[in-house]
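Read the structure below first, then the notes.
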Amino acid sequence: MINNRPDWREQLRSAVRSGDELLVRSGIDAALSEQQRRAAEQFPVLVPPGLLARIRHGDVDDPILNQVLPLDAETAPQPAGFCPDPLREADFTPVPGLLHKYSSRALLILAGGCAVNCRYCFRRHFPYNEHLADVGAWVDYIASREEIVEVIFSGGDPLLWRTEQLAKLSDALLDIPHVRMLRIHSRIPVALPERIDAAFCDWCSRTAGRAPLTVVLHSNCAEEFDASVRSALADLRRSGVQLLNQSVLLHRINDSVEALVRLSLELHRSGVLPYYLFLLDAVEGAAHFAVDEGRAREIHAEVRRSLPGYLVPRLAREVAGEDAKQVLHG
């Protein structure tokens with residue numbers, strides 16, 4: 001129930017913020033190497049207590065642990081093509097904090113932080129300090145571009161904004177006649193389900209009453225789900241939110257037919273439709289997560305044979321400068 005959830009801010013304050021503590025609390029009898037420490041200095045460790053509790057104690061192969069634990073490979077020389085801004089987002093920023101890569105959509109960078117730092121994050125090098133939120137400038141730009149029909153809240157994680165801030169922004173955007181829908185991309189319903197509190201659900205209900213509201217979760221494996229996550233997702237559905245999920249295909253995390261089938265079945269159980277399965281963006285420090293396209297296609301073909309079509313996410317990649325995502329199989 002919504003009213004029985006712990007305060008999400010307190011949960012975030014209690015997050016694990018060091019690699020050493022992460023190992024200890026995960027039951028792993030090991031010490032960080034110097035390279036791992038350097039990786040954690042470059043991109044800090046951050047794991048909230050609820051997500052930490054879902055890591056299998058003592059299991060070095062746990063798929064949640066391997067998304068958040070810094071590794072030596074992050075500081076190793078990177079293959080050709082891996083860089084800090086693989087999608088060239090700096091080229092599509094007409095206003096600080098606003099990306100206009102695709103004609104009909106504008107994406108807003110609401111927050112520079114997240115509830116969990118995932119080691120494969122394609123914005124791990126993003127200069128958030130150069131893109132501080134300016135609601136007035138965002139609204140003015142979007143109002144001047146009639147081709148924009150959907151606005152996407154992103155980050156970092158946009159749900160780190162206070163609900164009152166989200167309400168002020170959404171009201172201003174939906175007062176623009178050509179803005180017809182809002183979308184939120186967030187890992188928080190999975191990583192910090194306590195954030196889905198009564199005030200947030202009230203805002204969702206009010207907003208969905210004005211225009212379609214979609215939340216796209218970022219979840220990569222079935223192990224990320226527990227009763228608290230399912231409850232939060234049920235509350236979002238009751239609030240009129242359409243729920244989708246996008247995943248990244250990650251080596252040693254979910255690069256098997258079994259892992260992806262389990263994830264789709266868990267999503268279905270939780271009222272969420274699989275949307276995209278992305279190939280890894282070539283961000284510097286994450287090359288060890290990459291799965292090559294040929295293997296990705298083979299895995300996806302087996303997933304299609306194992307599930308009904310509505311539970312199969314589209315295999316896709318983002319290509320810098322393209323006017324749409326490149327779907328490898330729909």
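Values in this text are rule-based calculations from the coordinates and carry no lab data. Since the model is a prediction, treat every value here as computed from it, not as a measurement. Neighbour counts run over all protein chains shown; Cβ positions are idealised from the backbone, glycine included.
Charged neighbours of GLU266, selected by a Cβ distance under 13 Å, balance to 0 (K, R count +1; D, E count -1). Across segment 2-75, Cα-Cα pairs more than 13 Å apart make up 65 percent of the total. The relative contact order of the chain, computed from alpha carbon pairs under 8 Å that lie at least 6 residues apart in sequence, is 18 percent. Along each principal axis, taking the top coordinate minus the bottom one, the Cα set of segment 66-186 gives 50, 29, 22 Å in descending order. Paramagnetic label reach from ASP20 (point 7 Å along Cα→Cβ; backbone nitrogen cut-off under 11 Å): within segment 31-55, residues 31-32.
Charge tally around ALA133: other residues with Cβ under 15 Å, Lys/Arg +1 each, Asp/Glu -1 each, net -3. Beyond 25 Å, what share of the Cα-Cα pairs of the chain is found? Please give it as a whole percent. Summing the P(r) of the chain above 25 Å gives 51 percent of all pairs. Convex hull volume of the Cα atoms of segment 210-330, normalised per residue: 127 Å³.
Summing charges over neighbours of HIS100, with a neighbour being any other residue whose Cβ is under 12 Å away from its Cβ, gives -2 when K and R count +1 and D and E count -1. Report for the chain the percent antiparallel among DSSP-assigned beta bridges with both residues inside it, nearest 5. Antiparallel bridges: around 20 percent, rounded to the nearest 5.
Length available on full extension from TYR141 to GLN326: 0.36 nm per residue minus the Cα-Cα distance, which gives 63.9 nm. The distance from the alpha carbon centre of segment 19-95 to that of segment 181-250 is 24 Å, rounded to a whole number.
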